[in-house]
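Notes for the one structure printed next.
The values are calculated or read from the model by the stated rules, or taken from the named source; none is laboratory data. Owing to the predicted nature of the structure, the values given are computational and were not obtained by experimental measurement. Please note: Cβ atoms are built from the backbone with ideal geometry, for glycine as well, and neighbour counts cover all protein chains shown.
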Amino acid sequence: MIIDVHTHIFPAEIRRNRGKFFPSESAFQLLYQSPKARLIGGRELISVMDANGVDRAVVFGFPWTDIELAKTHNDYILNMAQAYADRFIGLGCFDPASAGAAAEAERCLAGGLAGIGELAFYKSGIDDVALAQLVPVMGMCAERNRPVLIHTNEPVGHDYHGKTPITLSQIYGLIRRFADNKIVLAHWGGGLFFYALMKKEVKQILQNVYFDTAASPYLYDPEVYQMAINLVGIDKILFGSDYPLLAPEKYFSEMQQAGLSRKQISQICGLNAQRLFNL
């Protein structure tokens, strides 16, 4: 079974008129003002999954600051996850700084969503204020043994839309603060996996942490797969495409270029996610 743990789908009203939401949602405008930045719905995603041999996908929306807009989007995710229960695994998404974020997390989890994410801090990074805002959400997920997917990025290199002012220290502070949570760090965790080489503390702190491959072909050479396997273990790596940013086939090609065995690819592309989401 192939499971893509990182995809975005949007309801029709947002797909039809994205510009309507730009004035009040600056992060959404930053990421999606270009017509080249595609917005897709659930049925379109299934077509792409079928074409690429993907059996199931973890789907989520956008971390809207307007909690009512987040609710509307999460309702769409709930509906899609119910209508296509054999294909979609839904996560609840919102801005943790929004009033009502904790109540929305509770609603999403009670409604049957498998976890929370992709949570992002596009303007602040993950500072002390952000960590405090995460406390109730992380508490709910820890109690229910549900994963939380966090947007991270490398703090060096070229700039691009969606690259946050985050530091490795902030990412580490998050997983240390919430060590009991199952956390998926998107985009290879900004490279945090390298520090698993350290002799003290880090290996233990990373015990419940997973790293997804979202946007990897844009960010890293294919060798990143083997390096991450060597450093954190193959059981901590999850295939995520960030579709519609990139098609799954691009990742499969790079895994082969990296010299991964069929068994290793099967584990990254499905078995690890099956265990994480208790499928």
**Fill in**
Taking region 238-264 and the residues there that are in contact (Cβ under 8 Å) with a residue 24 or more places away in the chain and among the charged types (D, E, K, R), the one that is nearest to ASN52 (Cα to Cα) would be GLU249
**Prompt:** Hey, among LEU69, LEU30, which residue is surrounded by fewer than 22 Cβ atoms within 10 Å (Cβ to Cβ), of a type in the set (A, V, I, L, M) and under 25 Å from ALA103 (Cα atoms)?
**Reply:** LEU69
**Prompt:** Any idea which of GLY125, GLY157, GLY112, GLY173 is surrounded by fewer than 21 Cβ atoms within 10 Å (Cβ to Cβ), over 15 Å from the mean Cα position of the chain (by Cα), at pLDDT 95 or above and at positive phi?
**Reply:** GLY112
**Request:** Would you mind finding the one in GLU143, GLU118 that is touching a His at 6+ places or on another chain (Cβ under 6 Å) and within 21 Å of ALA273 (Cα to Cα)?
**Result:** GLU118
**Message:** Just to verify a result, which residue in region 20-60, among those that are basic (Lys, Arg) and in contact (Cβ under 8 Å) with a residue 60 or more places away in the chain, is farthest from HIS73 (Cα to Cα)?
**Reply:** ARG56
**Asked** Would a scan of region 221-237 turn up a residue that is in contact (Cβ under 8 Å) with a residue 60 or more places away in the chain and not hydroxyl-bearing (Ser, Thr, Tyr)?
**Response** no
**Prompt:** Which of the helices (runs of 4 or more DSSP H) contained wholly in region 16-112 include at least 2 residues that are farther than 21 Å from VAL135 by Cα?
**Reply:** 26-32, 42-52, 67-83
**Asked** Looking at (1) more than 16 Å from ALA273 (Cβ to Cβ); (2) surrounded by fewer than 19 Cβ atoms within 10 Å (Cβ to Cβ); (3) not small (Gly, Ala, Ser), which is the one condition that is false for ASN208?
**Response** (1)
**Prompt:** Do we have any residue at all in region 255-264 that's assigned to a loop (DSSP other than H, G, I, E, B), among the polar types (S, T, N, Q) and crowded, with 23+ Cβ neighbours inside 10 Å?
**Reply:** no
**Message:** Of everything in region 19-60, what is at pLDDT 95 or above and basic (Lys, Arg)? Give them in sequence order.
**Reply:** LYS20, ARG38, ARG43, ARG56
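Yes/no matrix, rows are residues, columns are (1) within 22 Å of LEU31 (Cα to Cα); (2) touching a Ser or Thr at 6+ places or on another chain (Cβ under 8 Å); (3) modelled with pLDDT under 95:
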site: PHE62; (1), (2), (3): yes, no, no
site: ALA70; (1), (2), (3): yes, yes, no
site: HIS73; (1), (2), (3): yes, no, no
site: ILE77; (1), (2), (3): yes, no, no
site: ALA83; (1), (2), (3): no, no, no
site: ALA103; (1), (2), (3): no, no, no
site: GLU106; (1), (2), (3): no, no, no
